[in-house]
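A.B. asks: Encoded as structure tokens, here's the structure I'll be asking about.
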Amino acid sequence: MRIAVTYENGEVFQHFGHTERFKIYDIEDNKVIVATTVNTNGSGHGALADILKKLNVGTLICGGIGGGAKRALSEANIKLYGGVTGNADEAVEALLAEKLVFDPEATCNHHGGHHDDGRGGHNCGEHNHHEKSSTV
């Protein structure tokens, strides 16, 4: 069995479509035997599910995730555990122990209205992917 986690600085990265790396865990007898980090090379939403499929990943743990990415993972037969926060290694251990706290309805609706109510909202980097910088 192979599990992938959206990964940044030891934590579950909170926006699937902007993840720069996955931590891949190979599981045997319900234990992690090998863990490696794979860079996505800025592939973006559409190609990320394809990367996971090519890596023979069967399960993904992530934070926020959009509807298109959910469909792509479903089409690739990759089981999704979204809405997960905290330490990536601990999330995998919790999944193996059937104690992972996740949200089957987790979304990342960053394409809707951009508003901030002062509470911080979720951290999806929603303002970053629409802006392009250039020097003149």
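A.B. asks: If we keep just the residues of region 21-40 that are charged (D, E, K, R) and closer than 18 Å to L73 by Cβ, which is most open to solvent (accessible area, probe 1.4 Å)?
C.D. replies: At the first step, the residues of region 21-40 found to be charged (D, E, K, R) are 21, 23, 26, 28-29, 31.
In the following step, the residues that additionally are closer than 18 Å to L73 by Cβ were identified as 21, 23.
On the way: R21: 69, K23: 29 Å².
Result: R21.
A.B. asks: Go through (1) without any contact (Cβ under 8 Å) to a residue 60 or more places away in the chain; (2) surrounded by fewer than 23 Cβ atoms within 10 Å (Cβ to Cβ) and name the single condition L73 misses.
C.D. replies: Failed condition: (2).
A.B. asks: Right, here's the next one. Cβ-Cβ under 7 Å, sequence separation 6+ or interchain: first residue in region 1-30 and under 14 Å from K53 (Cα atoms), partner assigned to a loop (DSSP other than H, G, I, E, B) and open to solvent by 70 Å² or more (accessible area, probe 1.4 Å). Which pairs?
C.D. replies: From region 1-30, the pairs are R2/N56.
A.B. asks: Need the failing condition index for N87 against (1) at pLDDT below 95; (2) within 21 Å of R21 (Cα to Cα); (3) open to solvent by 40 Å² or more (accessible area, probe 1.4 Å), just the number.
C.D. replies: That leaves (1) as the condition not met.
Residues checked against (1) over 14 Å from T6 (Cβ atoms); (2) at pLDDT below 95:
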position	(1), (2)
T40	no, yes
A49	no, yes
G58	yes, no
I78	no, no
K99	yes, no
A106	no, yes
H111	yes, yes
S134	yes, yes
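A.B. asks: Does G10 count as loosely packed, with under 13 Cβ neighbours inside 10 Å and in contact with a strand residue (DSSP E or B) (Cβ under 9 Å, 6 or more places away or on another chain)?
C.D. replies: Here the answer is yes, as G10 does meet what is asked.
A.B. asks: Taking only region 73-97 into account, find how many residues are small (G, A, S), under 13 Å from the mean Cα position of the chain (by Cα) and either over 17 Å from Y25 (Cα atoms) or not in a helix (DSSP H, G or I) (or both). Reasoning before the result, please.
C.D. replies: Initial filter on region 73-97 (small (G, A, S)): 74, 76, 82-83, 86, 88, 91, 94, 97.
Now narrow it down to the ones that are under 13 Å from the mean Cα position of the chain (by Cα): 82-83, 86, 88, 91.
When the remaining residues are screened for being either over 17 Å from Y25 (Cα atoms) or not in a helix (DSSP H, G or I) (or both), the result is 82-83, 86.
Residues meeting the conditions: 3.
A.B. asks: Now, a different point. Return yes or no: is E20 among the acidic types (D, E) and modelled with pLDDT of 95 or more?
C.D. replies: Considered against the rule, which asks whether it is among the acidic types (D, E) and modelled with pLDDT of 95 or more, E20 comes out as no.
A.B. asks: Going by what's in this entry, would I65 be described as touching a residue at least 40 places away in the same chain (Cβ under 8 Å) and in contact with a His (Cβ under 9 Å, 6 or more places away or on another chain)?
C.D. replies: yes
The values are calculated or read from the model by the stated rules, or taken from the named source; none is laboratory data. From a predicted model like this one, the values you see are computed outputs, not experimental measurements. We place every Cβ from the backbone using ideal geometry, glycine too, and count neighbours over all the protein chains shown. Keep in mind that these areas ignore ligands, DNA and RNA; they rest on the heavy atoms of the full protein, side chains included. Shrake-Rupley method; radii C 1.70, N 1.55, O 1.52, S 1.80 Å.
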